[in-house]
Every structure is written in C-alpha cells, then in structure tokens.
Amino acid sequence: MKKIAILHGPNLDRLGRRQPGIYGTGTLRELEQLIRAEAKRLGFTVTFFQSAHEGALVDKIHALTDRGVEGFIVNFGAYSHTSIALRDALSSANLPAVEVHISDIKQREKFRRTSMTAGACRAMISGKGFPGYLEALQLLAGL
C-alpha cells in the first residue's frame, strides 16, 4: 500500500470561511474526508499536515521522507509563489509529488500566476476545486 502525504500551507485551515467565492464553502476537514475516501479506494494510506509556517512544512517534508512516505500532494498556498526552500525540500525528497491549487492560479492576480514549487512536482493541477486533489491521487496511482 502506498503512503501519501498531503501538505497544506497557510490559510488552508480557513477553507469554508476564507473567500468562499474563490475557494468554495467546503472546509479542510471535509476535503480531508473526501481525500481519505478516494485514497482508500485506490489502496493508499494518507497523512495530513497543515501549517502557516514555511519551516514547519520543510521539516515535515524531510521527516515524512525519512519515515517512508512514497509521494506527496502539496498545496503550499501563497508559499507556492515564493518559496525556493519548499521547492528544494521537495526536490531533495526525490519522491513523486503533485501540486494542487483549488483556484485557477493562471486566472488570479499576476503575482500568483507562477509557482516556484511546481518545478519539483510531476504535475500541477489548478482550478478544479476539491476534485483536483482526487485527480492528484489518481495521477499518483498511475505512477
């Protein structure tokens, strides 16, 4: 069974309350339940981690890699657009990763249109809402 880690960055703990016109009304807990159900169907075990702190996310990538996780789904939020440290941490893990964005970053503000971290991932899924995470799981299942 594959072990997949889902990492969420800043403000994702505010899902359901934060800009529902952009991110929808579903909560992080509801998203995790949706992911768990699909992961079970695909034969994956999943672990979740959310932090507003860049260093905590870097530390978690290293710790999970050392503990035998086999892939990542990441939504680093705003850090996706700025963090070379998170990109380097994912690259050093040398594991398949998929970046997911609930909103379509290509249709957002100019500063959000480029992801620094996507280059360390096999794919980026953007603008598909919560179903984008399920697509990421399916993509990892095909590797």
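List residues of the stretch 85-121, by number, whose backbone nitrogen lies under 20 Å from a label position 7 Å along Cα→C-beta of PHE48.
Answer for this model: 98-103.
Could you work out how far apart the two model spin labels at GLN19 and ARG41 are, taking each label as a point 7 Å from the Cα in the direction of the beta carbon, and quote it in nm?
Modelled inter-label distance: 2.9 nm.
For the stretch 2-141, what is the number of Lys pairs with C-alpha distance below 19 angstrom, counting only pairs 8 or more positions apart or on separate chains?
So the count works out to 5.
Take the Cα radius of gyration of the chain and divide it by 2.2 N^0.38 Å, with N its residue count; two decimals is plenty.
Here the answer is 0.95, to two decimals.
With a 10 Å radius around each residue's Cβ, average the other Cβ atoms per peptide and rank 72-85, 21-34, 44-57, highest first.
Going from most to least packed, we get 72-85, 44-57, 21-34.
Here, each number is a calculation from the coordinates, and none is a lab measurement. Keep in mind it's a predicted model, so treat the numbers as computed, not measured. Ideal geometry is used to build each Cβ from the backbone, glycine not excepted, and the neighbour counts take in all protein chains shown.
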